[in-house]
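The values are calculated or read from the model by the stated rules, or taken from the named source; none is laboratory data. What you are looking at is a predicted structure, and each value in this text was computed from that prediction instead of being measured. Here Cβ is always computed from backbone atoms with ideal geometry, including for glycine, and neighbour counts include all displayed protein chains. Protein only, heavy atoms only, side chains kept; ligands, DNA and RNA dropped before computing areas. Shrake-Rupley method; radii C 1.70, N 1.55, O 1.52, S 1.80 Å.
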Amino acid sequence: MSTEVAEVKEVKKSEPLFSKKNRKLVTNPLDIDNPITVQVLGICSALAVTTQMKPAFTMAVSLVVVLIASSMVISALRNTIPSRIRIVVQLAVIATFVILVDQVLKAYVYDISKQLSVFVGLIITNCIVMGRLEAFSMGNKVGPSFMDGLGNGLGYGIILMIVAFFRELLGSGALFGFKIFEAAGFHYPGNGLMLLPAGACIVVGVIIWVQRSLNGYREG
Amino acid sequence: MRQSNLYIVLYAAALTVVCGGLLALASEGLKEKQQANIELEQKKNILSTVMDLPKGANIEELYAKKVKSFVVDAQGKVIEGVQAKDVVVLAEYKKPADQRKLPVYEFRNESNPEKIDFVVLPVFGFGLWDNIWGFVALQADLNTIQGVSYQHKGETPGLGARIDSKEIQERYKGKSIYDNNNLVSVVMMKGEGVDYSNDKHKVDGMSGATLTAKGVNNMLAQYLSLYENYLKSIKATNDVSL
């Protein structure tokens, strides 16, 4: 929280952090510029960690933390980074934060960290993170970079939660591990297809369909 | 200036030092907590082979009360001065069989501490892709399986990875590892959906994961035979005939 407050002060001199333009940085990735459903990035982990809501939630939070932190660091360093090794620098910063997150998860929520296994580590190669650093943080101030990181992280997280909601509900009849159908008093056998990656593909496809028809998207 | 080679080298070096320092700091600071988690997980797995653990059970307390652990060698003799929790089964797995240190976890009878209720033996092996490991609990007759707990590092999700599920592990309950004094272990068969409840040494297989099942079978056979000398030595004191 403290860094957040510090940033607000710093940016206020030129442009308020929550100016209309900056707010767009957060709201656009939630819908019309969503990293998963529109840019189709970060699909691998979206398929892999969404069988249950709990790990999906942890994964989403982890990605938001990593994305915001590395966006801000890269943005702060952007005028010092030699352009010939900028990708390496970005990777090093991302990797550092990812490993930090992984270590913290292992220390405080061991069960979930076991479930997520390699996927937290794979945030390093998540296209969303690298993409935002290269496309946005390298050319923008710390404040907007924070907003951009937050927006894209949330955009990823929202889709993850929606997919996990349907997969856990239909796949094992539960939400956050709580057996909804059994609590309501009838037996639900569970749909195995939803627990396989194919189930995630179907759910993501349906989300894209709904989103496009709502937004009036036209091919070409 | 920003493009000169010297600047680039220095920049990379400084970045490495800062990032590396941060990581080293985090790793040192969190090590104790992580180690405690790993030990707790192991205790949970050992207990779960013998009893159903209720949610929120105090693992540490239960474990301290019930379990007595020590280390034996392949001849079945207790190795003094080595604690079971310090033995890394993965490291032992790489040694020749007769030099391995083998941890044993015993559940002693509460009214008669001379008598063993359950013996829990760690097992270790190789599945289809990577290491698999677990615990096998034997009842006081040192023959009937009370329960098993398997873990894996990288078996195929939905196929071989099922070995860590309750569903698969339940199938081992009540099976026997001895057939007329011969150690035959328990074998997971190929194919799924066959009823083996009449066969003491076979369990139903996992569809699509025959190679993982083979790994499990090898793991069980190898480790049970490693522990055979030890089992023989306690069977006298425990007064059971196999």
### Query
Chains A and B: how much accessible area gets covered up at their contact, both sides added, probe 1.4 Å, in Å² to the nearest hundred?
2000 Å²
### Summary
At R0 = 35 Å the Cβ-Cβ FRET efficiency linking B:ASP52 and B:LEU23, nearest 0.05, sits at 0.30
### Message
Taking loop as defined by DSSP and a crowding limit of 10 other beta carbons within 10 Å, which trypsin sites (Lys or Arg not before Pro) in the stretch A:136-220 fit?
### Response
A:ARG218
### Query
So what is the accessible area of the protein assembly as shown per residue, in Å², with the probe set to 1.4 Å?
51 Å²
#### Entry: List of the stretch A:90-127 residues, accessible area with partners at least 20 Å² below that of the chain alone (1.4 Å probe)
A:ALA92, A:THR96, A:ILE99, A:LEU100, A:GLN103, A:LYS106, A:ALA107, A:TYR108, A:TYR110, A:ASP111, A:LYS114
### Query
Beyond 29 Å, what share of the Cα-Cα pairs of chain A remains, rounded to the nearest whole percent?
32 percent
#### Entry: Threshold 20 Å² - residues in the stretch B:1-21 whose accessible area is reduced by that much or more when the chain is no longer isolated, probe 1.4 Å
B:ARG2, B:GLN3, B:TYR7, B:ILE8, B:TYR11, B:LEU15, B:CYS19
### Query
Across every pair of different alpha-carbon atoms, what Kirkwood hydrodynamic radius in Å does the stretch B:67-238 reach?
16.4 Å
## Note on the structure
Here, the protein assembly as shown modelled as identical Cα point scatterers in vacuum has Debye log10 I(q)/I(0) at q = 0.07, 0.12 Å⁻¹ of -0.49, -1.10
### Task
With a Förster radius of 60 Å, plug the Cβ-Cβ distance of A:ARG212 and B:MET189 into 1/(1 + (r/R0)^6) and report the FRET value to the nearest 0.05.
0.75
### Task
Keeping all protein chains in position, work out how much accessible area A:CYS201 exposes to a 1.4 Å probe, and write it in Å² to the nearest 10.
80 Å²
### Task
Using a Förster distance of 22 angstrom, determine the FRET efficiency expected from the C-beta separation of B:VAL9 and A:ASN79, and round it to 0.05.
0.70
### Summary
GNM on chain B, Cα springs under 10 Å; top mean-square fluctuation among B:GLU28, B:GLU39, B:GLU106 goes to B:GLU28
### Query
Ignoring ligands, DNA and RNA, what percent of the accessible area of the stretch B:67-238 is carbon or sulfur (1.4 Å)?
51 percent
### Loop sites in the stretch B:54-98: GluC sites (Glu not before Pro), DSSP, at most 11 other Cβ within 10 Å
B:GLU80
### Message
If I compute solvent accessible area with a 1.4 Å probe over the protein chains, what percent of it on the stretch A:2-165 is carbon and sulfur?
### Response
67 percent
### Task
Rounded to whole Å and ordered largest first, report the semi-axes of the equivalent ellipsoid of the stretch A:47-167 derived from its Cα gyration tensor (root of 5λ).
26, 15, 11
